[in-house]
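Enquirer: Here it is, the structure in full.
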Amino acid sequence: MNTDQNSMLTRKHFPFYEKLDLQFDPEKIMAELKILEELNGGWNDMKTNAPLIKELTHGRDRLTQVFQNDDGEYHSYEQIICTEYNEDQNATKTIDATGGTLSQYKQDMDKAKSGLNESAYNQLRPMMDNAPYIRDVLEQFQDPISRARFARIQPDFQIKPHIDYCTRYGMRYHIALTTNDDCKLGFRHSPKDDFEVLHIPVDGHVYFVNAGFEHYAENMGDTERTHFVVGVTGQSLMNNA
């Protein structure tokens, strides 16, 4: 298990995405997600003033417009968050969110270094006691969980192209739970490149998604797209892939 940031690899050492051998049962996850949705009072955790993320400074202001509808509200991209801020965590961890190459984000990253960031949101919420299978899924990721959430995209919506953070800050994995053929993820190295497009099927496999490169997600179909998105602060899964 390697969680020392200084020895972790940057985004350029990893592909845009990779299908891993690690596999789970989407139907079991969905069954427990329905329980969590009721306990949580719906899919409200992405909203600007949601208590679970209102103090999360890392990238919040910069990325807000990426996920909002044209009216500034969150109608088409929704979350149910499984983790919350851990007061026992050292929230002033120094991060290299860009790998030293994305100068346009330096100001945001400086804010993140002195404020709360995703790595401090690693404590399971009490409602997760009602989701034993999902808890078991999270335990299989080998490295410490940073943030885990269910993300839902309504039909006819695109999350605009953006960059989240370098792999030295954290690694991100997706498990597709509901989808259609018109749900896509796109990645590119630079604005001069075309996007490489991926569709993640509901096959139970864990997919690594490199959030350090510019990427977008869209649902141009007529059904919802639901993914379980897991962030971790180590690179064991990819190093062993």
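Enquirer: Here are the criteria: (1) modelled with pLDDT under 90; (2) more than 14 Å from the chain's Cα centre (by Cα). Tell me which single one Gln123 does not satisfy.
Expert: (1)
Enquirer: Okay, next question. Given the criteria surrounded by fewer than 21 Cβ atoms within 10 Å (Cβ to Cβ), in contact with a Gly (Cβ under 6 Å, 6 or more places away or on another chain) and under 22 Å from Glu78 (Cβ atoms), does Asp182 qualify?
Expert: Values: surrounded by fewer than 21 Cβ atoms within 10 Å (Cβ to Cβ): yes; in contact with a Gly (Cβ under 6 Å, 6 or more places away or on another chain): yes; under 22 Å from Glu78 (Cβ atoms): yes.
So Asp182 passes the test.
Enquirer: Residues that are of a type outside the set (Asp, Glu), surrounded by 15 or more Cβ atoms within 10 Å (Cβ to Cβ) and in contact (Cβ under 8 Å) with a residue 60 or more places away in the chain: find the strands (runs of 3 or more DSSP E) completely inside the stretch 188-228 holding 3 or more of those. Reasoning before the result, please.
Expert: On the way: elements: 196-198, 205-209, 214-219.
Where strands (runs of 3 or more DSSP E) fall fully within the stretch 188-228 and carry at least 3 residues being of a type outside the set (Asp, Glu), surrounded by 15 or more Cβ atoms within 10 Å (Cβ to Cβ) and in contact (Cβ under 8 Å) with a residue 60 or more places away in the chain, they are 205-209, 214-219.
Enquirer: Sort out which residues of the stretch 131-158 are modelled with pLDDT of 95 or more and under 12 Å from the mean Cα position of the chain (by Cα), and write them in order of number.
Expert: Ala148, Arg149, Phe150, Ala151, Arg152, listed by residue number.
Enquirer: Okay, moving on. In the stretch 146-158, which residue that is of a type outside the set (Ser, Thr, Tyr) and open to solvent by less than 10 Å² (accessible area, probe 1.4 Å) is farthest from Phe67 (Cα to Cα)?
Expert: Looking only at the stretch 146-158, we keep the residues that are of a type outside the set (Ser, Thr, Tyr), and these are 147-158.
Now drop any that are not open to solvent by less than 10 Å² (accessible area, probe 1.4 Å), which leaves 148, 150-151, 153.
On the way: Ala148: 17, Phe150: 15, Ala151: 11, Ile153: 10 Å.
The qualifying residue farthest from Phe67 (Cα to Cα) is Ala148.
The values are calculated or read from the model by the stated rules, or taken from the named source; none is laboratory data. Keep in mind that what you see is a predicted model, and the values were worked out from it rather than measured. So basically every Cβ, Gly included, is an ideal-geometry build from the backbone, and we count neighbours across all protein chains shown. Ligands, DNA and RNA are stripped out before the accessible areas are found, and what is left, the full protein with its side chains, is counted by its heavy atoms. Shrake-Rupley method; radii C 1.70, N 1.55, O 1.52, S 1.80 Å.
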